[in-house]
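These notes are about the structure you will find just below.
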Amino acid sequence: MSANLRSVAGQDEAGLLREIHNALNGLRYGAVEITVHNGQVVQIERKEKFRLQSPTGSKPA
């Protein structure tokens, strides 16, 4: 997964909420971490997990 650099300087609250919403959009299993430094959001990190299911009818090893 690659990181995207986004400018936070001058970003309003609505812009930050939009970025957080984008990080949460479609996330089924995982976490969104928001890093704050000196009272400003400096990073939004999305960690996504994929749950793999065994094919129907097969027993786990």
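The values are calculated or read from the model by the stated rules, or taken from the named source; none is laboratory data. In this text the structure is predicted, and so the values were computed from the model without any measurement. Virtual Cβ from ideal backbone geometry, glycine too; neighbours counted across all protein chains shown. Ligands, DNA and RNA are excluded from the accessible area calculation, which covers all protein heavy atoms including side chains. Shrake-Rupley method; radii C 1.70, N 1.55, O 1.52, S 1.80 Å.
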### Query
Among the residues of the range 29-54, which ones are out of contact with any strand residue (DSSP E or B) (no Cβ under 6 Å at 6 or more places or on another chain) and more than 14 Å from Leu16 (Cα to Cα)?
Tyr29, His37, Asn38, Phe50, Arg51, Leu52, Gln53, Ser54
### Task
Would you confirm whether any residue within the range 9-28 is modelled with pLDDT under 80 and open to solvent by 100 Å² or more (accessible area, probe 1.4 Å)?
no
### Query
Is one or more of the residues making up the range 37-47 open to solvent by less than 90 Å² (accessible area, probe 1.4 Å) and modelled with pLDDT under 90?
yes
